[in-house]
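In what follows, a single structure is set out as structure tokens and then discussed.
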Amino acid sequence: MTLVASPPTTVPVGGPSLPQERRLVTSIPGPKSQALQARKTAAVSAGVGVTLPVYIVAGGGGVLVDIDGNSLIDLGSGIAVTGVGNSAPRVVEAVAAQLAQFTHTCFTVAPYDSYIEVAETLNRITPGDHAKRTALFNSGAEAVENAVKIARHYTGRQAVVAFDHAYHGRTTLTMSLTAKNQPYKNGFGPFAAEVYRAPMSYPLRDGGLDGVVAAKRTISQIEKQIGAENLAALIIEPIQGEGGFIVPAAGFLATLLAWCRANGVVFIADEVQTGFARTGAMFACDHEDIVPDLIVMAKGIAGGLPLSAVTGRAEIMDAPQAGGIGGTYGGNPLACAAALATLDTYESENLVQRAREIGTILTGRLNAIRAFDKRVGDVRGRGAMIAIELVDSATGEPDAALTSRVAAAAHAQGVIVLTCGTYGNVIRFLPPLSISDDLLVEGLQVVAHALANA
Ligand SMILES: Cc1ncc(COP(=O)(O)O)c(C=O)c1O
């Protein structure tokens, strides 16, 4: 950690040229951030919470710089968004060029080619080599909503199955698909109709149930409680994100998929958090050769610009009537320009491989901690999407208070980590794929120190 005498007076420029160092020049949050947080409290809805109230002026590589001049190690990527890094030069260049050309027409009024090129790219890189179509939206939740709409239209059925621990967003339908009450659902009902919940495979907490057996249990429940003939779609995160980076046991996804195929149920993979190299494959489905009917994407798709997508089988995607799918901003030209640069960067810079390298460092270090600290109940995930589940070492029960203490201590030392999990006891690591090994290791050392002293 570098210590400097006083905060810089000029705002640094973001991108990879930003000094790649953890540098604390004030306590966290510093005085300028505290002043902004007071303004935030007075001006912004209290429902919009903030994990770490440091106000950011620049970001790039593996760091975020705050208004007080502190440089923090970013192990969250703005929740798995800045896979290619903040202000990645190719993204900046592409967006700036588009900005000078035109900013908006609404694709459904007067179209432009970058939308088509994004669709062509997603049709190519998503799992499966069948004929595909794509539609673009703004947020993950909006894309999930549309995937369900499309599946319902195609099948003529209404019921949708989501899973224990699932997270799919905060709109009424996606909140209804989401499992966790606090903070996502509490007080926001009534919820959408025809949404059913089924058991997930959660190896740490279901006694290590075999994936095929767990899937059969789930299928049996669906058949008894809903009936396949009423079911439009089953939606699942191949690795659950907010639920706690839960990797289902091998065979769980494949067994569900086979049952969906046999029963005319649309299998929707929500890869909003897992997509785009994050897990050490372009999509998490690729790890088990899962070819979903529809795949939902957002977050890592456009280097931080708001864009989301549904890609899927041509016959399903083409089912809705013209005008039934779309929106004013979906596939905005700036977001499409960013996406084309971002998607090309994942491929040309082989960020799938980089995610695997990051995963090796993360799991190596975290398993080493687990070997002597029994409060680390599990180390799991894939690639650059890894988490630790913290438990009471005597009982194995989730320890949310410990988790909060560790995250707070890491934050105070200039490392941004996020927590998650149904029981609030998971610390997740989602570094930008542009982070250096040195910075990643330093960030992990800070977290290890925070855990040792918590
Ligand atoms: C798996 C998953 N689906 C959907 C969403 C919702 O995405 P958004 O916040 O862009 O609406 C998220 C966000 O965290 C997510 O992780």
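The values are calculated or read from the model by the stated rules, or taken from the named source; none is laboratory data. These numbers were taken from a predicted model, which means no experiment stands behind them. Cβ: placed from backbone, ideal geometry, glycine included. Neighbour counts: every protein chain shown. Each accessible area value is taken on the protein alone, full model and side chains, heavy atoms only, with ligands, DNA and RNA left out. Shrake-Rupley method; radii C 1.70, N 1.55, O 1.52, S 1.80 Å.
Looking at segment 82-102, can you tell me whether even one residue there is at pLDDT 95 or above, among the small types (Gly, Ala, Ser), crowded, with 19+ Cβ neighbours inside 10 Å and on the phi > 0 side of the Ramachandran plot? Yes, there is a match, as at least one residue in segment 82-102 is at pLDDT 95 or above, among the small types (Gly, Ala, Ser), crowded, with 19+ Cβ neighbours inside 10 Å and on the phi > 0 side of the Ramachandran plot. Scanning segment 49-81 for residues that are outside any loop (DSSP other than H, G, I, E, B), within 16 Å of the ligand (Cβ to nearest atom) and open to solvent by 30 Å² or more (accessible area, probe 1.4 Å) yields Gly78, Ile79.
Using the structure shown, decide if Val160 is β-branched (Val, Ile, Thr), open to solvent by 20 Å² or more (accessible area, probe 1.4 Å) and touching a residue at least 24 places away in the same chain (Cβ under 8 Å). For Val160, the condition - β-branched (Val, Ile, Thr), open to solvent by 20 Å² or more (accessible area, probe 1.4 Å) and touching a residue at least 24 places away in the same chain (Cβ under 8 Å) - is not met. Any residue in segment 79-107 that is under 13 Å from Gly14 (Cα atoms) sitting within a Cβ distance under 6 Å of a residue that is hydrophobic (A, V, I, L, M, F, W, C) and within 16 Å of the ligand (Cβ to nearest atom)? List the pairs, counting only those 6 or more apart or interchain. The qualifying pairs are Val91/Ala338.
Among the residues of segment 350-376, the one identified as open to solvent by 70 Å² or more (accessible area, probe 1.4 Å), more than 13 Å from Gly280 (Cα to Cα) and not in a helix (DSSP H, G or I) is Lys374.
Scanning segment 187-214 for residues being in contact with a Gly (Cβ under 7 Å, 6 or more places away or on another chain) and aliphatic (A, V, I, L, M) gives a total of 2. Report yes if some residue within segment 184-191 is free of Cβ contacts under 8 Å to residues at least 40 places away in the same chain, assigned to a helix (DSSP H, G or I), among the small types (Gly, Ala, Ser) and away from the ligand (no atom under 15 Å from the Cβ); otherwise report no. The answer is no; no qualifying residue exists. Taken over segment 418-433, the residue count meeting the criterion of being part of a strand (DSSP E or B), closer than 30 Å to Asn350 by Cβ and out of contact with any Lys or Arg (no Cβ under 6 Å at 6 or more places or on another chain) is 4.
Residues Glu117, Glu142: which one is within 16 Å of the ligand (Cβ to nearest atom) and not aromatic (Phe, Trp, Tyr)?
Glu142
Could you please let me know if Pro190 is farther than 28 Å from Arg382 by Cα and either over 17 Å from the mean Cα position of the chain (by Cα) or surrounded by 17 or more Cβ atoms within 10 Å (Cβ to Cβ) (or both)?
When the stated conditions are applied, Pro190 passes them.
Would you mind listing the strands (runs of 3 or more DSSP E) fully within segment 205-310 where at least 2 residues are within 16 Å of the ligand (Cβ to nearest atom) and either more than 24 Å from the chain's Cα centre (by Cα) or closer than 22 Å to Glu120 by Cβ (or both)?
266-270, 294-297
A single member of Leu136, Leu122 is modelled with pLDDT of 95 or more, within 16 Å of the ligand (Cβ to nearest atom) and either open to solvent by less than 30 Å² (accessible area, probe 1.4 Å) or part of a loop (DSSP other than H, G, I, E, B) (or both), and it is Leu136.
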